[in-house]
Amino acid sequence: MAKLYFNYSAMNAGKSTLLLQGSYNYIERGMNTMLLTAAIDDRAGKRVIASRIGLDKKADVFTSTDDVYEMISARHKKEHLSCILIDEAQFLSQQQVRQLSDVADELAIPVLCYGLRTDFRGELFEGSAELLAIADRLREIKTICWCGSKASMVLRLDAQGRAIKSGEQVVIGGEDVYASVCRKHWKAEEPSAPNGSL
C-alpha cells in the first residue's frame with residue numbers, strides 16, 4: 001500500500017537535497033517521478049527545485065487553489081508514475097494534503113512531502129498541520145543551531161540581522177531573512193552567538 005510521508009525540519013537541513021536524491025534513485029532504476037513545488041517560492045527560478053549544495057531539477061508548481069490530485073492523475077495517465085515528491089509542502093492547503101492522501105490511497109503512488117513544520121512565530125503552517133495529522137509516516141530531518149544543539153525553530157531577521165516575531169506568515173527568503181536555531185535561542189531571539197563568540 002502506498003503511503004503519504006512528511007519529512008520536516010527547520011530551514012537549511014537539506015530537505016531539497018534529500019528530495020532530489022530520492023527522485024534520482026527512482027529515475028536511475030527506470031521509474032518516473034513527478035516533482036512539485038510551491039509557485040510562491042521562486043528563489044531558484046520558476047519551476048525549479050534547488051538545494052544549497054548546487055543540485056537542481058525542473059518541477060511542476062502548485063498554487064493554493066490547484067487540485068493536486070487532478071494534476072497528478074492527469075500526468076499518471078500519460079506516463080506511469082512511481083513516486084510524487086513535493087518541496088515546500090508547508091504551502092499546501094489542508095484540502096491539497098487530503099488530495100495527496102487520495103493519490104496514495106486511490107492511485108497507489110507514494111507521496112513524499114518535504115517542508116517546514118512551523119513558521120518564525122512558532123506556529124504551524126496549514127499544510128504542515130494537516131500532514132502532521134494524517135501522514136502515514138513522519139520524519140524529522142535534523143540541522144543544528146549556532147550553539148551546536150538541534151535547531152527546531154526558525155527566526156525571521158530584519159535588515160540588520162535582528163530577530164523579529166511579528167508580520168505576515170509567509171515572506172520568501174533564505175539565509176538573509178531566516179536563521180535556524182534551537183528553541184532556547186528562538187525564545188531568546190538570538191540568531192547568532194552574542195558578540196560573535198560561543
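Reported count of residues in region 1-52, each being assigned to a loop (DSSP other than H, G, I, E, B), on the phi < 0 side of the Ramachandran plot, at pLDDT 90 or above and out of contact with any strand residue (DSSP E or B) (no Cβ under 9 Å at 6 or more places or on another chain), is 1.
Scanning region 143-189 for residues that are under 17 Å from Gln90 (Cα atoms) and in a loop (DSSP other than H, G, I, E, B) turns up Ser152, Glu168, Gln169, Val170, Val171, Ile172, Gly173, Gly174. When you check Arg121 against the structure, is it over 17 Å from Asp67 (Cα atoms), among the basic types (Lys, Arg), touching a strand residue (DSSP E or B) at 6+ places or on another chain (Cβ under 8 Å) and not in a helix (DSSP H, G or I), yes or no? No: the conditions fail for Arg121.
For Gln96, the conditions (1) among the polar types (S, T, N, Q); (2) in a loop (DSSP other than H, G, I, E, B); (3) within 20 Å of Tyr8 (Cα to Cα) all hold with the exception of (2).
Does Ile164 fit the bill of being closer than 28 Å to Ser23 by Cβ, hydrophobic (A, V, I, L, M, F, W, C) and either surrounded by fewer than 20 Cβ atoms within 10 Å (Cβ to Cβ) or in contact (Cβ under 8 Å) with a residue 24 or more places away in the chain (or both)? No. Given the structure, is Leu132 buried (at least 17 other Cβ atoms within 10 Å of the Cβ), at pLDDT 95 or above and within 16 Å of the chain's Cα centre (by Cα)? So Leu132 fails the test. If you filter region 63-90 down to residues that are outside any loop (DSSP other than H, G, I, E, B) and of a type in the set (S, T, N, Q), you find that the one that is surrounded by the fewest Cβ atoms within 10 Å (Cβ to Cβ) is Ser73.
Within region 103-116, residues that are closer than 19 Å to Asn25 by Cα sit with their Cβ atoms under 7 Å from residues that are buried (at least 19 other Cβ atoms within 10 Å of the Cβ) and among the basic types (Lys, Arg), at 6+ positions apart or across chains, in these pairs: Tyr114/Lys15. Among residues of region 1-52 being within 28 Å of Gln169 (Cβ to Cβ) and acidic (Asp, Glu), the one that is nearest to the chain's Cα centre (by Cα) is Asp41. Could we say that Ser101 is of a type in the set (Ser, Thr, Tyr), in contact with a helix residue (DSSP H, G or I) (Cβ under 8 Å, 6 or more places away or on another chain) and not in a loop (DSSP other than H, G, I, E, B) here? For Ser101, the condition - of a type in the set (Ser, Thr, Tyr), in contact with a helix residue (DSSP H, G or I) (Cβ under 8 Å, 6 or more places away or on another chain) and not in a loop (DSSP other than H, G, I, E, B) - is met. Only a single item in (1) closer than 14 Å to Leu4 by Cβ; (2) crowded, with 20+ Cβ neighbours inside 10 Å is not met by Leu107, and it is number (2).
The values are calculated or read from the model by the stated rules, or taken from the named source; none is laboratory data. Predicted, not measured: the structure shown is a model, and the values here were computed from it. Positions of Cβ are generated from backbone atoms using ideal geometry, with glycine treated the same way; all protein chains shown enter the neighbour counts.
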